[in-house]
Amino acid sequence: MAQQAQPSVMTYLMCQNTLLRTGVSHILEGTCFVVAAEKSDGHANPDLILLCDSLPEEGAVETIKQVKEQYPGARLVALSDNLDLWAVLELCSAGLDGLCPTGMSPTAMCKVLELVMLGEVFLPISVSLALLDQVSAERPAMRSSAMDPSGLAGKFSDRERQILQRLTTGASNKLIARDLGVAEATVKVHIKAILRKAKAANRTQAAMWATQHLSFDANPREALVG
């Protein structure tokens, strides 16, 4: 049987780096991914959007949401490295359909884009393995916590304990971020992890749990970790 030709995929490149944009465009030449010259040149809405610039820790989730709102029918893939595990999960929840490491070969990247256009979500093997390690590490603690709720205390990192302490004082994300010298987006990611680990529905429940099961220094600023 003759192989059916792949339909063309209208592709937008969101990239501030001209050299990087040229390189990605060259990789996609001769494939089904047709790169639009500019987003405002009268083309129909894209089928695929590639975020070629590295995603910043702060504001990445908002960027993903804005792009998906502007082009709700498009699939969205980012080219980025060194993203925190929980940040990746938050980006996927916001609408990211794929994440390609910049070290990936051109052929592999095109295969990933084809997979994403078939409706799949792609994450690098390093992220998948990190997720498996996280689940494996949490299972023993989850079993012990069923009989002893205080066993959950050991599951929190130093940074999470710092944030938990500030939650017990009613501090906002902005205040916590300023106090710890981190981005507000980072605080949000940590709070999501805290809620999951403490099995809390919101920050108030997490603060109540922390008050009952964790002990803190009198002055939270003394526990800062850079």
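Do you know the relative contact order of segment 22-114, to the nearest whole percent, from alpha carbon pairs under 8 angstrom that are 6+ apart?
26 percent
Report Asp84's accessible area, 1.4 Å probe, all protein chains in place, as a number in Å² to the nearest 10.
Number for this one is 80 Å².
How far apart, in nm, are the 7 Å Cα→Cβ label points at Thr22 and Met104?
2.4 nm
Residues of segment 79-102 with amide nitrogen under 14 Å from the 7 Å Cα-to-Cβ point of Thr31?
Within reach of a label on Thr31: 79-80, 98-102.
The values are calculated or read from the model by the stated rules, or taken from the named source; none is laboratory data. Because the structure is predicted, anything quoted here is derived from the model rather than measured. Glycine also receives a Cβ, built like all others from the backbone with ideal geometry; neighbour counts cover every protein chain displayed. Ligands, DNA and RNA are excluded from the accessible area calculation, which covers all protein heavy atoms including side chains. Shrake-Rupley method; radii C 1.70, N 1.55, O 1.52, S 1.80 Å.
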